[in-house]
Amino acid sequence: MSRRQLILFSILLIIATTFLSLNERVKLQLAAPLSSVLLLPVKTITQFLQFLTVSNTRITKLETVVSQLQLENAELKKRILRDTTELKTTKYKLLRTQIIGRDPSNINGYLYIDTGQRQKLYVNQPAISINGLVGKIKYVGFNYSIVETIENKGFTVSAIDVNTGIHGIVKNKGNVIFDFIKINDAINIGDAVYTSGMSEIFPEGIFIGRVKKIERGDDLFFKPVYITPGVQINRLTHVYIISGSTITANNEYKEQYNYKEQSDTELFVPGSGR
């Protein structure tokens with residue numbers, strides 16, 4: 001044992017002996033300030049964890065509000081163009097869902113979420129995040145659903161370049177492409193592309209992405225326009241499912257699923273047609 005350690009040990013031994021020789025009243029008086037000092041790190045960590053919990057709750061609420069405002073803003077713009085005499089906001093309901101799994105063979109093409117028939121979800125309901133369009137519900141089980149994303153090959157949605165007003169179809173052909181754009185259409189890199197509302201599935205005004213590349217292809221009428229999606233699917237942990245007056249379920253689907261419970265053991269296999 002070094003000299004320094006011996007001195008430290010002697011000091012601690014003297015303090016402990018002195019403390020033990022004191023009467024109970026003095027011990028209690030000394031214990032109160034000592035316990036405050038010793039428990040300070042524990043209190044600090046507890047308060048920090050409480051702060052994180054409250055902050056996470058506030059962030060979730062703010063994300064929901066932002067998504068709702070984006071949809072309502074698009075609806076207001078549409079109404080202003082049609083009629084400036086009477087404006088009413090349309091409320092969309094957003095259900096926050098947790099991503100609980102991904103298709104191993106197409107990890108960003110299909111997302112498994114923790115809500116289903118029990119929460120009255122149905123096929124073709126749009127799915128969004130705070131950054132824009134995610135996709136649509138492809139299959140609904142009793143306690144889970146599967147979302148087909150914009151990164152799945154074959155996914156399509158009616159779209160509009162809001163900078164120019166040019167309409168087209170956004171398709172995933174291995175790359176996300178703004179299709180049916182004529183050679184002489186004035187599309188520019190950086191233009192914002194949104195859902196056009198010309199669909200029974202997607203409401204107008206959901207951000208899809210931005211034009212990243214324009215090519216002169218072999219087609220005599222149309223040119224390839226490539227899109228960078230606003231949402232990074234591989235970074236998502238949850239999505240919002242849209243429901244509202246403009247979104248309706250197919251009657252045949254309602255009859256099959258909303259009034260008939262289905263076991264979650266019958267799992268949907270993407271691409272199988274089930």
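The values are calculated or read from the model by the stated rules, or taken from the named source; none is laboratory data. On a predicted model such as this, the values are computed, not experimentally measured, just so you know. All Cβ positions, even for glycine, are placed from backbone atoms using ideal geometry, and neighbour counts span all protein chains on display.
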>> Given the criteria at pLDDT 90 or above, within 24 Å of ALA127 (Cβ to Cβ) and not polar (S, T, N, Q), does TYR226 qualify?
In response: yes
>> Contact list please: Cβ distance under 6 Å, first residue in the stretch 219-240 and loosely packed, with under 10 Cβ neighbours inside 10 Å, second residue among the hydrophobic types (A, V, I, L, M, F, W, C), pairs at least six apart or on different chains.
In response: THR237/ILE99
> Within the stretch 181-201, which residues are surrounded by fewer than 13 Cβ atoms within 10 Å (Cβ to Cβ) and of a type in the set (Asp, Glu)?
Replying inline: GLU200
> Before we move on, is ILE233 at pLDDT 50 or above, among the aliphatic types (A, V, I, L, M) and out of contact with any Phe, Trp or Tyr (no Cβ under 9 Å at 6 or more places or on another chain)?
Replying inline: yes
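If you scan the stretch 152-198, which residues turn out to be among the small types (Gly, Ala, Ser) and under 23 Å from ASN106 (Cα atoms)?
Of the residues in the stretch 152-198, the ones among the small types (Gly, Ala, Ser) are 154, 158-159, 165, 168, 174, 186, 190, 192, 196-197.
Once the filter is applied, which keeps residues that are among the small types (Gly, Ala, Ser) and under 23 Å from ASN106 (Cα atoms), the stretch 152-198 yields GLY154, GLY174.
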>> Here's a check for you: in the stretch 92-115, which residue that is crowded, with 19+ Cβ neighbours inside 10 Å and at pLDDT below 90 is farthest from PHE202 (Cα to Cα)?
In response: LEU94
